[in-house]
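Before any comments, here is the structure.
The values are calculated or read from the model by the stated rules, or taken from the named source; none is laboratory data. A quick note: this is a predicted structure, and the numbers were derived from the prediction, not measured. Heads up, the Cβs are rebuilt from the backbone with ideal geometry, glycines too, and the neighbour counts pull from every protein chain shown. Just the protein is used for accessible areas: all its heavy atoms, side chains included, with ligands, DNA and RNA removed. Shrake-Rupley method; radii C 1.70, N 1.55, O 1.52, S 1.80 Å.
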Amino acid sequence: MQRTGHLPGTPFEGRMQLSAQPQPEGLRDTLLLEPLENELEPYRQLTFRLPLNGQTQWVSLSKALLETHDVQRLIVLLLFGVLGTLLLGVVGLNRWLTRRLWAPFEQTLHQLRGYDVRQHQVLQLPATHIEEFAQLNHTLTHLSERVAADYVLLKEFTENAAHETRTPLAIMQAKLEQLLQLPDLPAPAGPLVGDLYAAVQRLARLHQGLTLLSKIENQQFAAAQPVPLAELLREKLAQLEEFIQQKELQLDVQLNAAPLLMLHPALADSLLSNLLHNAIRHNLPGGLLRVQLRATELVITNAGPALAAQQKPAQFFERFRKQNAASDSPGLGLSIVQSIAAFYGFTVTYDYAPDPARHTLRVRFVSAAPRP
C-alpha cells in the first residue's frame, strides 16, 4: 500500500475484510463463521487503519487457527503411529526370533514329556545348530541310554529273583506241611513249626504280590479280552462264601449292570480278589459288606475299625501300609488294586465315613483299554 497505494488481490493466505466503520485495532483471537461448514471456528485477527481512496478504512486480516491444530494433531498421530508400528514390529520380531531360537528346546521338552523308560527306547532328539541346545540334547540322549540299560538290568534282576525264589519257597512250604503232618512230631516243636509255616506263607504272599506289581509295571499283561464283570463278581463271592459266613457278615449285593470290559483275565481276577479280601479281612464280625456294580463303577463298602485322626484313607494305597501293624497281611492289596486301575486308566478312590465307620472303595471305569 505504501508503495503502490492499492491493496493487493491476494496478499496472503487468509481472509481480509474492509470496513468504513471503526473497528478495535490490534491483534486478537476470535471466532468467525466458516461459510463452507457453517460453523464458528477459531481465527487470529489483525485490525488496523488504512487510508484508501481518500477515506479511512479499517482492514481486518484473519488467519484460521484450525489448520495449526490439525497439523499438530496429525503430527502427534503420525508420531504415535510410527512409534506404535515400531513397537509392534519389535515385539513381533522378538516373538519370531524367540520361537525360532527356542524351537529345539521346545522339541526336547516334548520328547521328554512323552518318554517312558518302560518302552525300552532311547530319546530321539532333533539336531540343532545352537551349541547349547546341541550339548543338552547330547547329554539327555546319553542319560536316556544309561537309564534304559539300568531299567533292563533291574527288570531282568527282578524276573530272575522272582523265578529263583519261587521254587525254594514252594519247597519250604511243602516240607513244613509234611512236618506238621508227622504223627511223632514232638509237642514242643509243634508251635515252632506252625509259626515257621505261617511265616513262610506270609513270605509267599509277599513274593506273589511284589511279583504281580512288577509284572504290571513292566506291562507284561498286554493281552486283553472281554471280561463280564458281574459274572466274575458272582464267582468270587461264591468262592469267599465260607469266609463271609465265618464272620457272619451282612452281605448286600447290587449288580445293577453287567459291564463288559477289555481286561486281562488274571488282572481282572486279582482286582476283584484284592478288593473283596480287603473288605472281608478288615470287616467287623457281623458287619456290613455291600457290593454295588454299575455301568461306570464298582463300589465296595464294608464296616471296619475307625481310623485314627492322623490316618488318611489315601495312605493305604502305599505299599506295606497297614492300619494294624500287627496284621499278617503284607499290605500290598490296595497297591495292587491301584496299579491295575492305573494300567487300564481307571480311577480308584477310598472314602471313609465315621459313626458308624464305613470304608468305601470306588473303582470308576474311565477307560477300558490298556496303555500301549
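When we screen Leu192, Leu196 for residues that are in a helix (DSSP H, G or I) and either closer than 19 Å to Leu332 by Cβ or in contact with a helix residue (DSSP H, G or I) (Cβ under 8 Å, 6 or more places away or on another chain) (or both), the only hit is Leu196. Could you tell me whether any residue of segment 85-107 is closer than 30 Å to Lys155 by Cα and either free of Cβ contacts under 8 Å to residues at least 24 places away in the same chain or open to solvent by less than 70 Å² (accessible area, probe 1.4 Å) (or both)? Among the residues of segment 85-107, at least one is closer than 30 Å to Lys155 by Cα and either free of Cβ contacts under 8 Å to residues at least 24 places away in the same chain or open to solvent by less than 70 Å² (accessible area, probe 1.4 Å) (or both), which makes the answer yes. Among the residues of segment 140-188, those identified as among the small types (Gly, Ala, Ser) and under 19 Å from Val200 (Cα atoms) are Ala161, Ala162, Ala170, Ala174.
Among the residues of segment 135-147, those identified as among the aliphatic types (A, V, I, L, M) and at pLDDT 85 or above are Leu136, Leu140, Leu143.
Could you go through segment 178-185 and let me know if any residue there is closer than 25 Å to Asn274 by Cα and surrounded by 14 or more Cβ atoms within 10 Å (Cβ to Cβ). No, because not a single residue in segment 178-185 is closer than 25 Å to Asn274 by Cα and surrounded by 14 or more Cβ atoms within 10 Å (Cβ to Cβ). For segment 242-265, does any single residue satisfy the condition of being within 25 Å of Ala162 (Cβ to Cβ), modelled with pLDDT under 90 and touching a Lys or Arg at 6+ places or on another chain (Cβ under 8 Å)? For segment 242-265, residues within 25 Å of Ala162 (Cβ to Cβ), modelled with pLDDT under 90 and touching a Lys or Arg at 6+ places or on another chain (Cβ under 8 Å): absent. Scanning segment 275-304 for residues that are open to solvent by 50 Å² or more (accessible area, probe 1.4 Å) and outside any strand (DSSP E or B) yields His277, Arg281, His282, Leu284, Pro285, Arg294, Ala295, Thr296. The set of residues in segment 83-141 being farther than 30 Å from Lys215 by Cβ and of a type in the set (D, E, K, R) consists of Arg95, Arg99, Arg100, Glu106, Glu131, Glu132. So for segment 181-191 (the condition being touching a residue at least 24 places away in the same chain (Cβ under 8 Å) and hydrophobic (A, V, I, L, M, F, W, C)), does at least one residue qualify? No: segment 181-191 contains no residue that is touching a residue at least 24 places away in the same chain (Cβ under 8 Å) and hydrophobic (A, V, I, L, M, F, W, C). Checking each residue in segment 235-256 for being surrounded by 14 or more Cβ atoms within 10 Å (Cβ to Cβ) and assigned to a helix (DSSP H, G or I) picks out Lys236, Leu237, Phe243, Ile244.
The rows are residues; the columns are (1) modelled with pLDDT of 80 or more; (2) within 30 Å of Thr4 (Cα to Cα).
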residue: Glu25; (1), (2): yes, yes
residue: Leu33; (1), (2): no, no
residue: Phe48; (1), (2): yes, yes
residue: Ser62; (1), (2): yes, yes
residue: Val91; (1), (2): yes, no
